[in-house]
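*Asks:* This is the structure I want to talk about, given as structure tokens.
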Amino acid sequence: MTRTPHHAPRNTKHAPRLTFDVSRFTSHVSRITSRFLLPVSSLLLLSIPAIQPLLTTDFTCGYDNTFHLWRAVEVANCLRQGYLYPRLAPDMAHGYGFLLFNFVSPGSAYIAALLNLLGLSWPLAINTAFILGMLLGGFFAFVLARDLFGPTAGFVAAVAYVYAPFQAYDVFYRGSLSESFAWAFPPLVLWAVHRWSVRAERRFLLLAAFSLAGLILTHNLFAFLFAPLLAGWVLVEGYLARDWRVIGRGALAGLLGLGLCTFFWLPGLTERGWVQTDRLLGTWVFDYRNNFLDLRQLLAPPRAVDPTLINDWPPKALGLLPTLVALLPLTRWRRLDRPTRYRVALLLVSTIGFALLTLPLSHPLWDHLPLLPYVQFPWRFLGPAAFCSALLAAATFRTRTTHHAPRMTFDVSRFTFYASRFTLPALTVILILGSLGWFYPRHCPTPKDTSIPAMIAWERATHTLGATAKGEYLPVWVHRMPEDPALDAAYTAGGPIVRLPPESLPEGARVLSADYGPVDATIVLETPAPFRARYLAFYYPGWRVTVDGEPAPVAPTDPDGLISFDVPAGRHTIRVRFGETPLRLFADAISIFSLLIL
């Protein structure tokens with residue numbers, strides 16, 4: 001009898017399981033490759049001509065580029081000091097503080113700031129943020145269209161969206177980082193809301209709510225323009241399903257998305273009476289009456305770049321070729337199934353409606369609808385119109401399903417063959433080449449110095465405040481800009497920003513110690529006589545002062561609107577801090593409650 005050595009391998013009955021695991025792993029890798037890696041790599045290759053103007057350390061000559069640079073510089077400076085949500089930008093408006101991010105969506109500034117904190121130079125950080133917005137928009141358009149109309153449709157939607165002429169205008173000629181990055185969110189929001197409301201896939205409720213909040217926090221006006229399409233989509237899907245729960249689920253996603261970012265939009269809506277918004281709405285360049293397009297601009301044909309022109313700026317356009325491609329589903333109307341017909345109809349009506357709002361014939365609507373004047377530029381509606389147009393182009397590849405299985409199999413396979421071999425390449429070439437004239441902008445040098453003192457010097461040189469066009473978020477109590485050499489000297493020296501300078505104290509008073517943060521200070525002083533302190537920061541509601549732990553009344557000075565408070569005689573510990581008002585705390589509570597629900 002022969003014994004088996006101890007080191008000999010044993011026979012087990014688990015070999016089939018090992019074989020099954022390997023095959024399952026191989027299948028899983030193959031599925032990931034076909035569903036994710038290949039599409040992503042293909043989309044990246046197709047997007048190279050679109051993003052090539054940003055592959056440089058210079059900016060394009062967009063007129064808003066510098067505004068967004070300084071916003072990101074200010075956010076990065078606050079993050080370095082531990083001020084994680086700078087509702088008040090403490091160094092803007094000549095160093096006196098500007099309540100910018102109480103009203104302006106901060107999302108894109110955070111993205112650029114984080115890229116800079118990771119080691120990218122400011123030009124690369126800003127350009128990378130632009131690139132990310134374009135690529136993410138194309139990828140999410142691919143995912144949405146693939147889910148709705150099939151894989152071939154996904155590529156068409158992505159190309160149409162990335163190469164939309166107005167997106168090129170937004171990125172290269174306006175240089176509006178916030179609005180450009182917001183283009184990434186509509187396809188993601190609509191995809192998540194569709195999967196949650198129609199298919200009741202619970203994980204997509206999270207994605208829908210967070211993506212909608214992300215859109216609002218990136219560009220609140222783009223979210224406002226996109227809202228009618230989102231609401232219409234949910235209503236149409238509810239009608240198709242004959243199920244009110246579809247509409248209820250869509251409404252829940254919308255409410256939770258709004259709830260997550262209530263901390264931003266509710267104070268922004270209700271506290272406009274504290275700032276000088278009339279500076280912006282009262283100027284002709286921001287008046288909607290002066291910003292309508294004509295039909296020739298709206299449907300601009302492919303253009304040739306003329307480098308001999310000084311300002312060869314393209315028209316703000318939906319584009320003739322993208323519009324013609326978007327109409328292709330109408331030529332195949334009978335082959336579309338019933339749900340696709342309703343979706344195509346909604347997208348077509350939305351495209352036409354958004355486009356008409358850019359033309360002078362919509363003037364009466366702008367005059368009578370209360371919120372529309374705050375959009376300022378009717379051509380902003382080209383953003384949601386281009387999104388609808390991209391989805392319409394994708395719907396061309398959707399076929400009608402029938403109960404005749406053999407015939408359907410033959411038709412679909414034949415259609416897929418011709419689509420992949422002829423139609424898809426042809427439409428891709430048309431959409432790319434037809435829009436390339438918008439993708440060759442001029443480049444301008446970036447600021448050499450991107451420090452906070454350089455930002456203040458830029459404000460003075462350009463007569464702008466807080467990286468805004470007209471200083472529209474200046475407090476209403478400011479009737480004259482203050483000029484204090486002590487504050488300028490503190491910024492120039494690069495040390496702590498002293499906002500209660502010793503030379504401003506009465507005779508005999510002295511500062512024993514002082515600790516200054518971005519929006520707070522702790523000062524120990526001694527004074528032989530009571531006095532009215534003048535703190536070098538603009539007064540906004542939310543500033544609080546305590547003297548030896550007791551609240552001290554705070555009021556703006558006249559005419560420069562700085563913080564002032566009374567200090568009694570003796571030795572005192574003074575704490576100054578910018579914080580939340582009762583309304584902001586209420587908005588914060590709603591956001592936290594929404595997060596807990598999710």
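*Asks:* Please go through segment 577-598 and pick out each residue that is of a type in the set (A, V, I, L, M, F, W, C) and in contact with a Ser or Thr (Cβ under 8 Å, 6 or more places away or on another chain). Break it down into steps so the answer makes sense when it comes.
*Replies:* Going through segment 577-598, the residues of a type in the set (A, V, I, L, M, F, W, C) turn out to be 578, 583, 585-587, 589-590, 592-593, 595-598.
Correct list: L583, A587, I590.
*Asks:* Could you grab the pairs with beta carbons closer than 6 Å, sequence gap of 6+ or different chains, first residue in segment 576-598 and at negative phi and part of a strand (DSSP E or B), second one open to solvent by 100 Å² or more (accessible area, probe 1.4 Å) and at pLDDT 95 or above?
*Replies:* R577/R544
*Asks:* Can you name the condition, by its number, that L324 falls short on among (1) open to solvent by 50 Å² or more (accessible area, probe 1.4 Å); (2) closer than 30 Å to F204 by Cα?
*Replies:* Against the list (1) open to solvent by 50 Å² or more (accessible area, probe 1.4 Å); (2) closer than 30 Å to F204 by Cα, L324 comes up short only on (2).
*Asks:* Go through (1) of a type outside the set (D, E, K, R); (2) assigned to a loop (DSSP other than H, G, I, E, B); (3) at pLDDT 95 or above one by one and return the number of the condition P447 breaks.
*Replies:* Here P447 meets the rest and fails (3).
*Asks:* When the residues of segment 270-286 are filtered to those that are of a type outside the set (G, A, S) and loosely packed, with under 15 Cβ neighbours inside 10 Å, which remaining residue is modelled with the lowest pLDDT?
*Replies:* L281
*Asks:* Go through (1) within 20 Å of A89 (Cα to Cα); (2) part of a strand (DSSP E or B) for I523 and report which single condition fails.
*Replies:* I523 satisfies all of (1) within 20 Å of A89 (Cα to Cα); (2) part of a strand (DSSP E or B) except (1).
*Asks:* So, one more: Go through (1) open to solvent by less than 30 Å² (accessible area, probe 1.4 Å); (2) under 33 Å from the mean Cα position of the chain (by Cα) and name the single condition P482 misses.
*Replies:* All conditions are met except number (2).
*Asks:* Would you call L583 under 24 Å from P267 (Cα atoms), at pLDDT below 95, aliphatic (A, V, I, L, M) and open to solvent by 20 Å² or more (accessible area, probe 1.4 Å)?
*Replies:* On the way: under 24 Å from P267 (Cα atoms): yes; at pLDDT below 95: no; aliphatic (A, V, I, L, M): yes; open to solvent by 20 Å² or more (accessible area, probe 1.4 Å): yes.
No; evaluated as a whole, the condition is false for this residue.
*Asks:* Quick check on segment 497-507: of everything there that is open to solvent by less than 60 Å² (accessible area, probe 1.4 Å) and not hydrophobic (A, V, I, L, M, F, W, C), which residue is nearest to Y83 (Cα to Cα)?
*Replies:* Ranking the qualifying residues of segment 497-507, first place goes to R499.
For (1) acidic (D, E); (2) buried (at least 16 other Cβ atoms within 10 Å of the Cβ), each residue gets a yes or a no:
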{"site": "R510", "(1), (2)": "no, no"}
{"site": "A514", "(1), (2)": "no, yes"}
{"site": "E526", "(1), (2)": "yes, no"}
{"site": "V547", "(1), (2)": "no, yes"}
{"site": "P556", "(1), (2)": "no, yes"}
{"site": "G561", "(1), (2)": "no, yes"}
{"site": "D566", "(1), (2)": "yes, no"}
{"site": "R571", "(1), (2)": "no, no"}
{"site": "G579", "(1), (2)": "no, no"}
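*Asks:* Keeping to segment 327-344, report how many residues are in a helix (DSSP H, G or I), aliphatic (A, V, I, L, M) and touching a residue at least 60 places away in the same chain (Cβ under 8 Å). Walk me through how you get there before you give the answer.
*Replies:* Filtering segment 327-344 down to residues in a helix (DSSP H, G or I) leaves 328-331, 333-335, 338-344.
From what's left, aliphatic (A, V, I, L, M): 328, 330, 344.
Now restrict to residues that are touching a residue at least 60 places away in the same chain (Cβ under 8 Å): 328.
The number of residues fulfilling the criteria is 1.
*Asks:* Filter segment 540-579 for residues that are of a type outside the set (A, V, I, L, M, F, W, C) and under 19 Å from Y83 (Cα atoms) and give the result.
*Replies:* At the first step, the residues of segment 540-579 found to be of a type outside the set (A, V, I, L, M, F, W, C) are 540-542, 544, 546, 548-551, 553, 556-561, 564, 566, 568, 570-573, 575, 577, 579.
Selection gives Y540, P541, G542, R544, R575, R577, G579.
The values are calculated or read from the model by the stated rules, or taken from the named source; none is laboratory data. Computed from a prediction, not measured in an experiment: that's the story for all the values here. Cβ coordinates were reconstructed from backbone atoms using ideal geometry, including for glycine residues, and neighbour counts include every protein chain displayed. Areas reflect the complete protein model, heavy atoms only, side chains present, ligands, DNA and RNA absent. Shrake-Rupley method; radii C 1.70, N 1.55, O 1.52, S 1.80 Å.
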